[in-house]
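Note sheet for the following structure.
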Amino acid sequence: ALEGAALCRCNQTGAMLQTIRDYWGGMIDLGATTFWEAYDASQKGNDHYTFYGRKFGKSLCHAWSSGPVFLLSADMFGIRPLEPGWKRFTVSPRATDLAWMSTAIPTPGGALEVDVEGKDVRVRVPKGCTLVTGKGREFRGPGTTSTGKR
């Protein structure tokens, strides 16, 4: 996850997405439905499940592997809280090779949802929250707005 964050912050978004595709996608390619404690593409067969020298010792649902959640919401979508409880927040998605992307973040007022398709960005702002745009405009929820082009 640290490598991905560094790549994204250096405007290497494509490389960061490829890291996610290779590492976490590698687990999915092997049939994972949750993310593992560790993954090594060079391992074969049941060696993927060996950890700490113990057969089947690897956790197959581990919080350490939640890196893409942070990378995608914070760095890809550019979603940042400006006040506790997401009362005020910003959204500034990065350009990617993805045709679309969508995320939802729970807030006390409901889900903060961001949908990006092509260059169009739509934000569902929950009750009690305010979207602050890059131009300093504010949109108070509840409601959905388009921030225009990314």
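Among the residues of region 68-96, the ones that are over 19 Å from residue 122 (Cβ atoms) and touching a helix residue (DSSP H, G or I) at 6+ places or on another chain (Cβ under 6 Å) come to 3 in all.
How many residues, within region 21-40, are open to solvent by 30 Å² or more (accessible area, probe 1.4 Å) and either under 25 Å from residue 75 (Cα atoms) or assigned to a helix (DSSP H, G or I) (or both)? Spell out the reasoning first.
Taking region 21-40 first, the residues open to solvent by 30 Å² or more (accessible area, probe 1.4 Å) are 21-23, 28-31, 33-35, 39-40.
Now narrow it down to the ones that are either under 25 Å from residue 75 (Cα atoms) or assigned to a helix (DSSP H, G or I) (or both): 21-23, 28-29, 33-35, 39-40.
The qualifying residues number 10.
Within region 10-22, residues that are modelled with pLDDT under 85 sit with their Cβ atoms under 6 Å from residues that are open to solvent by less than 80 Å² (accessible area, probe 1.4 Å) and outside any helix (DSSP H, G or I), at 6+ positions apart or across chains, in these pairs: 13/94; 13/96.
Within region 89-112, can you find the residues that are open to solvent by less than 70 Å² (accessible area, probe 1.4 Å) and either touching a His at 6+ places or on another chain (Cβ under 6 Å) or over 22 Å from residue 7 (Cα atoms) (or both)? Even if it seems obvious, please write down each step before you answer.
Here is the first cut: in region 89-112, the ones open to solvent by less than 70 Å² (accessible area, probe 1.4 Å) are 89-91, 93-94, 96, 98, 101-105, 107, 109-112.
Matches in region 89-112: 89, 104, 105, 107, 109, 110, 111, 112.
Any idea which residue in region 113-150 is modelled with the lowest pLDDT, counting only those that are open to solvent by less than 30 Å² (accessible area, probe 1.4 Å) and not in a strand (DSSP E or B)? Among residues in region 113-150 that are open to solvent by less than 30 Å² (accessible area, probe 1.4 Å) and not in a strand (DSSP E or B), the one modelled with the lowest pLDDT is 141. What about residue 24, is it aromatic (Phe, Trp, Tyr), under 13 Å from the mean Cα position of the chain (by Cα) and within 30 Å of residue 86 (Cα to Cα)? Considered against the rule, which asks whether it is aromatic (Phe, Trp, Tyr), under 13 Å from the mean Cα position of the chain (by Cα) and within 30 Å of residue 86 (Cα to Cα), residue 24 comes out as yes.
Across region 48-72, what is the total count of residues that are outside any loop (DSSP other than H, G, I, E, B), surrounded by 11 or more Cβ atoms within 10 Å (Cβ to Cβ) and out of contact with any strand residue (DSSP E or B) (no Cβ under 7 Å at 6 or more places or on another chain)?
As a first pass, look at region 48-72 and keep what is outside any loop (DSSP other than H, G, I, E, B): 48-49, 51, 54, 63-72.
Within this subset, residues satisfying the condition of being surrounded by 11 or more Cβ atoms within 10 Å (Cβ to Cβ) are 48-49, 51, 64-72.
When the remaining residues are screened for being out of contact with any strand residue (DSSP E or B) (no Cβ under 7 Å at 6 or more places or on another chain), the result is 48-49, 51, 64-71.
Within region 48-72, residues that are outside any loop (DSSP other than H, G, I, E, B), surrounded by 11 or more Cβ atoms within 10 Å (Cβ to Cβ) and out of contact with any strand residue (DSSP E or B) (no Cβ under 7 Å at 6 or more places or on another chain) number 11.
Can you name the residue in region 73-86 that is touching a strand residue (DSSP E or B) at 6+ places or on another chain (Cβ under 7 Å) and open to solvent by 30 Å² or more (accessible area, probe 1.4 Å) and is also modelled with the lowest pLDDT among such residues? Across region 73-86, the extreme among qualifying residues is 80.
The values are calculated or read from the model by the stated rules, or taken from the named source; none is laboratory data. All values derive from a computational prediction rather than experimental measurement. Every residue, glycine as well, gets a Cβ built from its backbone with ideal geometry; the counts of neighbours run over all protein chains shown. Quick note on the areas: whole protein, heavy atoms, side chains included, nothing else; ligands and nucleic acids left out. Shrake-Rupley method; radii C 1.70, N 1.55, O 1.52, S 1.80 Å.
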